[in-house]
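Below is one structure, written out as structure tokens; comments come after it.
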Amino acid sequence: LRAVIRAGYSPVLCKPGGKETACILSAAQAKKADRAAQEMAVAVNPAARVDRIRHACGFKHVIDDPAKVGAIVKRFLEQHGGLNVALHLGRSRMLVVDVDTPTERAAFAKSWWEFSPPDDALEFPGITVESPGSFDIKTEKWVHWGGGHWWFTLPEGFIIPPGKVLKGPGGWAAMYGESYALVP
């Protein structure tokens, strides 16, 4: 993780076995952050019910200081017994194209060729990581299969519209900005 941060990426910790993000703060830090969120809510709306207000968590907890990695990971492992790593896409200057089925994969390839400059067509890249898919035990059918992610680094100065997901024709999705994706 230290090397990832030094390379300019913004990691986010996820609970083991999935992609659910989790708080990386100590109990005292979380309490202080909750108090600050409650004070902000009251400043905006004096009638706010502060007992239900908590600090922004999950992928908002980007780890950006290599010196703090050891303590954060140790505490996270003690709480969760393992971890997965994701990247905050906007802060890492990454765009991830997500496809869940062979049909979406073909639709992304079609879009790639349609939007490539005709005089300087870009070679279609190989997929970065293939997904094993997901199987619905109740229906005994594959829900997603034949999909995966393409990871692209956005060049400095490249402006992308605000948001976090752009749905493409045929069902593929480009994730960026205020979103995250598990590291392959």
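Applying the criteria of a DSSP loop state and at most 14 other Cβ atoms within 10 Å to the trypsin sites (Lys or Arg not before Pro) of the stretch 20-124 yields 49, 54. How large is log10 I(q)/I(0) at q = 0.08, 0.14, 0.15 Å⁻¹ when the Debye formula is applied to the Cα atoms of the chain, each weighted equally and without solvent? Cα-only, vacuum Debye calculation for the chain: -0.35, -0.94, -1.03. Keeping to pairs on different chains or 8 or more places apart, tell me how many lysine pairs in the stretch 19-136 have Cα atoms under 18 Å apart. Lysine pairs meeting both conditions in the stretch 19-136 amount to 4. Against the compact-protein benchmark of 2.2 N^0.38 Å, the Cα-based radius of gyration of the stretch 1-93 scales to 1.20. Each Cα pair under 8 Å and six or more residues apart adds its separation to the average, and for the stretch 1-85 the resulting relative contact order is 47 percent. Computed from the Kirkwood radius of its Cα pairs, the Stokes-Einstein diffusion coefficient for the stretch 70-158 at 37 °C and 0.692 mPa s stands at 203 µm²/s.
Over the chain, accessible surface divided per residue gives 63 Å², non-protein components excluded, 1.4 Å probe. Report the GluC sites (Glu not before Pro) located in the stretch 1-83 that are in a DSSP loop and have at most 14 other Cβ atoms inside 10 Å of their Cβ, or state none. Sites meeting the loop and neighbour criteria: 20. Counting only DSSP beta bridges with both residues in the stretch 61-184, the antiparallel share comes to about 100 percent.
The values are calculated or read from the model by the stated rules, or taken from the named source; none is laboratory data. Quick caveat, the model's predicted, so the values are computed rather than measured. A quick note on method: Cβ atoms are made from the backbone with ideal geometry, for glycine too, and the neighbour counts reach across all protein chains shown. Heads up: the accessible areas ignore ligands, DNA and RNA and are worked out on the full protein's heavy atoms, side chains in. Shrake-Rupley method; radii C 1.70, N 1.55, O 1.52, S 1.80 Å.
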